[in-house]
Amino acid sequence: MRIFQHISIKHKLILIIMLTSSVTLLLTSAAFVIKDVVMFYHALLRDLCSLTQVIGMNSEGALLFNDPRTAAKNLESLGAMPYVFSACIYDKKGEAFAAYFRKDAPKDTSPPPIASGHYYKKIRNKKYLFFFKPILLETETIGTVFIQYDLEERNFKMREAGIIFLAVMAMAVFCVSFILSHILQGIISAPILHLAQIARTVSKEKDYSVRAKRCCEYHWNEIGILSDGFNEMLTEIQAQEKELIRHRGHLEEEVVSRTAELLRTNEELVRAKNAAENANRAKSEFLANMSHEIRTPMNAVLGFTDLLHSLATDPKQKNYIESIRSSGRSLLTLINDILDLSKIEAGKMELQYEPVDIYSLINEIRHIFSLKIAEKELEFVTDIADDIPRSLLLDEVRLRQVLFNLVGNAVKFTHKGYIRLSATKIYTEGNMSRVELILAVEDTGIGISPESGEKIFDAFKQQEGQDTRQYGGTGLGLAITKRLVEMMGGKISVRSEPGRGSVFEIALHHVPVAAVPVKSKKDGTAGESLILFEKALILVVDDIATNRNLIREFFLDTPISVIEAEDGDKAVTAAGRYKPDVILMDIRMPVMDGYEAARRIRKIEAIKDIPVIALTASGMKEEKDKTLKQGFDGFLTKPIQRSELFEELAKFITHSKKEAPERAEKIEITEPVSPETMEKLPELTDKLENELMRKWDSARKNSFFDEISVFADQVKGLGEVFGMSVLRKYGEELAGHVSSFDIENMNATLDAYPKLVGKIVSLRSKGG
Ligand code: ADP
């Protein structure tokens, strides 16, 4: 049946018609043949009956007069009938009286024993009919006639004729039925083939205007319905196609007009955005200028207020001056906060990432607040997890500002109990190069009401009903803190219970572990290497750009050139292209890690001998063993000390040794001092050595930002009043360090004060 599926409808129809007519013909012929055979046997028996009757009648006399010769003669007449094989006349007793045998009968043939009626028998594979007929005289049987009829011979002839007849018939039927079916199948197949042809044209040429031809003779039958349905379908599709084309045209117009509209809106938006940005910039600039403009005279106001305070003797006047001083300081703090917030909002504040040591940062904060905490009889607990890397890439100044605000608030709003500053970290899964840093400030203070909740992070927002006289403040600290934390890619959250305390938590995400240690500002020679390298090229591979820059900085004053790659794959390419003398390879990197990169480098003939030093954030022994086993020539743990790195590189790069250099002094009076200043020098040195020295002493001990800021302003004020620029510059520098929370430089500048005073005092001796 499968073959049928692939035959065309036309051929299928021809086959069906021919098959049907052939089967019909076959069945009819079979019926005819059967009927003929039956009739033949009937006629044969009838003929034999007549024949034996005639022979019997002719042989009656011979039997009565016992004349076998006449009887035999009678039988011989059967020689004219070719199918009579043998014949015999039996006498009354049933004995053979006379016999006849066809010429081709074998010699030993003898008549069969007498029987009645007829029967069929096969002898030597040939079928014979044995026919017996009694010879009656009146009613008495006087003998029997027997004939053996050769059916085989007769049948063979008949079969031959039948086959010829059938073959002729079959040929005739085949030809006629083929021709007829060929002509007639067209009635059904032609319209279907026509439909198929149309469907092909439609699908190929997408021409929906063609239609199937309608013949009236099919009008009422299924083919007519099919072709009507097909045409209707085409009409429908054509209409839809037209509609679609119309829509498309319309859509294109629509798109063009919408795009134009969008472009117009975009332009307007860009204009509006630029205008808004300009306005915002103008606002920030205005605020920055204003703050600066207010800050400058405020410094003078505060400076002179302090001078006035020391001159005033009347307690009432002293009290007034005290009020001016404290209001002035509050105003200065407010202006500084507004300046910070406007800078952040105008996107003008940029973070400066550098290696930061969380341990020393937290200790600094502890130091700053130690006096206040002692005054309030609180406990200050710091809790730093041991596994925090000693060097993380952060903006130290801003992080200090954040912690300063949070701890400052905690101290302000806590009256008994403790303040706890903790730092923990979580490694991001499978990545030892970055950590999640959690910093938390916990206190047992007044707590925050649920209604105030997140509102306290908005600018100028404080808890409702808060005693302004007792706590003061501007409500800007947390707004600045939140924005700074977000700029660092982190989140700040608060949990609190009124009356029991609060926990402010900062989560900084993906903080990179710095490749180099925190720079020591006090000791310039720390990490200074005594190794003098010759010219060489180093490839630094690290996914964090700051880390690559920090390592690059190590080589600034050396003849070593540095090239960089940000992942293993780029490292292999760069190594192949530039053939560096040494490769410093970070282990955890996206795209391709350090292990895989080292493996590849080892497989490339031209670069396989370049020494590769692994840089890892984990100092674990297993990691070291693993890296050394995996084709690395050296191993350094982050943060990498310059001296360590140089020692390691010295194993692979040609070098010599040098002596350690000396450090130069910083403070110098470079500008000439005017005669008026020289005149007032005793008064100035008196103030510097006594009154200000006491203030300096207190500021240095307490490390209160406010106090140091006032001290700086006073020195600057004196510089301006006495026309001594070195003092003014010193004051400005110190104030700058205070406002940027740069504690290390602030302390260093503060420490230099006695030396500065000494230099000014020595002027007096020179002048006098
Ligand atoms: P300021 O401290 O100048 O008022 P902040 O923005 O730092 O401004 O804080 C906003 C408000 O949040 C505070 O006025 C106070 O109501 C509340 N707050 C902040 N920290 C704490 C704390 N540790 N305990 C209780 N309340 C706090």
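General observations
- Selection status of residue 35, over 30 Å from residue 148 (Cβ atoms), charged (D, E, K, R) and in a helix (DSSP H, G or I): no
The rows are residues; the columns are (1) within 26 Å of residue 392 (Cβ to Cβ); (2) of a type in the set (Ser, Thr, Tyr); (3) surrounded by 23 or more Cβ atoms within 10 Å (Cβ to Cβ).
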{"residue": "577", "(1), (2), (3)": "no, no, no"}
{"residue": "583", "(1), (2), (3)": "yes, no, yes"}
{"residue": "592", "(1), (2), (3)": "yes, no, no"}
{"residue": "596", "(1), (2), (3)": "no, no, no"}
{"residue": "599", "(1), (2), (3)": "no, no, no"}
{"residue": "605", "(1), (2), (3)": "no, no, no"}
{"residue": "609", "(1), (2), (3)": "no, no, no"}
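- Considering 373, 438, 426, 362, the condition of being in a helix (DSSP H, G or I), more than 16 Å from the ligand (Cβ to nearest atom) and not basic (Lys, Arg) is satisfied by 362 alone.
- For region 283-333, the tally of residues that are at pLDDT 80 or above and either within 60 Å of the chain's Cα centre (by Cα) or within 16 Å of the ligand (Cβ to nearest atom) (or both) stands at 3.
- Candidates 142, 198, 192: the one that is free of Cβ contacts under 8 Å to residues at least 40 places away in the same chain, among the β-branched types (Val, Ile, Thr), out of contact with any Pro (no Cβ under 8 Å at 6 or more places or on another chain) and not in a loop (DSSP other than H, G, I, E, B) is 198.
- Residues of region 377-392 satisfying the condition of being surrounded by fewer than 16 Cβ atoms within 10 Å (Cβ to Cβ) and not in a strand (DSSP E or B): 377, 385, 386, 387
Rundown of residues vs (1) loosely packed, with under 14 Cβ neighbours inside 10 Å; (2) out of contact with any helix residue (DSSP H, G or I) (no Cβ under 8 Å at 6 or more places or on another chain), yes/no style:
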residue: 129; (1), (2): no, no
residue: 142; (1), (2): no, no
residue: 148; (1), (2): no, yes
residue: 167; (1), (2): yes, yes
residue: 175; (1), (2): yes, yes
residue: 189; (1), (2): no, no
residue: 200; (1), (2): yes, yes
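- Scoring residue 484 on the criteria (1) within 29 Å of residue 553 (Cβ to Cβ); (2) away from the ligand (no atom under 16 Å from the Cβ); (3) in contact with an Asp or Glu (Cβ under 9 Å, 6 or more places away or on another chain); (4) modelled with pLDDT of 90 or more leaves a single failure, condition (2).
- Unmet criterion (only one of (1) modelled with pLDDT of 90 or more; (2) under 20 Å from residue 418 (Cα atoms); (3) in contact with a helix residue (DSSP H, G or I) (Cβ under 7 Å, 6 or more places away or on another chain)) for residue 496: (3)
- For first residues located in region 490-512 and on the phi > 0 side of the Ramachandran plot, partners that are within 12 Å of the ligand (Cβ to nearest atom) and in a strand (DSSP E or B) and lie 6+ apart or on another chain with Cβ distances below 6 Å form the pairs 501/443.
- Within region 448-465, considering residues that are more than 43 Å from the chain's Cα centre (by Cα) and closer than 18 Å to residue 481 by Cβ, the one surrounded by the fewest Cβ atoms within 10 Å (Cβ to Cβ): 460
- Residues within region 453-480 that are within 7 Å of the ligand (Cβ to nearest atom) and in contact with a strand residue (DSSP E or B) (Cβ under 9 Å, 6 or more places away or on another chain), tallied: 2
- Subset of region 441-452 (residues that are more than 28 Å from residue 385 (Cβ to Cβ) and within 12 Å of the ligand (Cβ to nearest atom)): 446, 449, 451, 452
- Residue in region 393-414 that is in a strand (DSSP E or B) and more than 16 Å from the ligand (Cβ to nearest atom) present: yes
The values are calculated or read from the model by the stated rules, or taken from the named source; none is laboratory data. Since the structure is predicted, the reported quantities are computational estimates derived from the model, not experimental observations. FYI the Cβ positions are ideal-geometry reconstructions off the backbone, even for glycines, and counts take in every protein chain you see.
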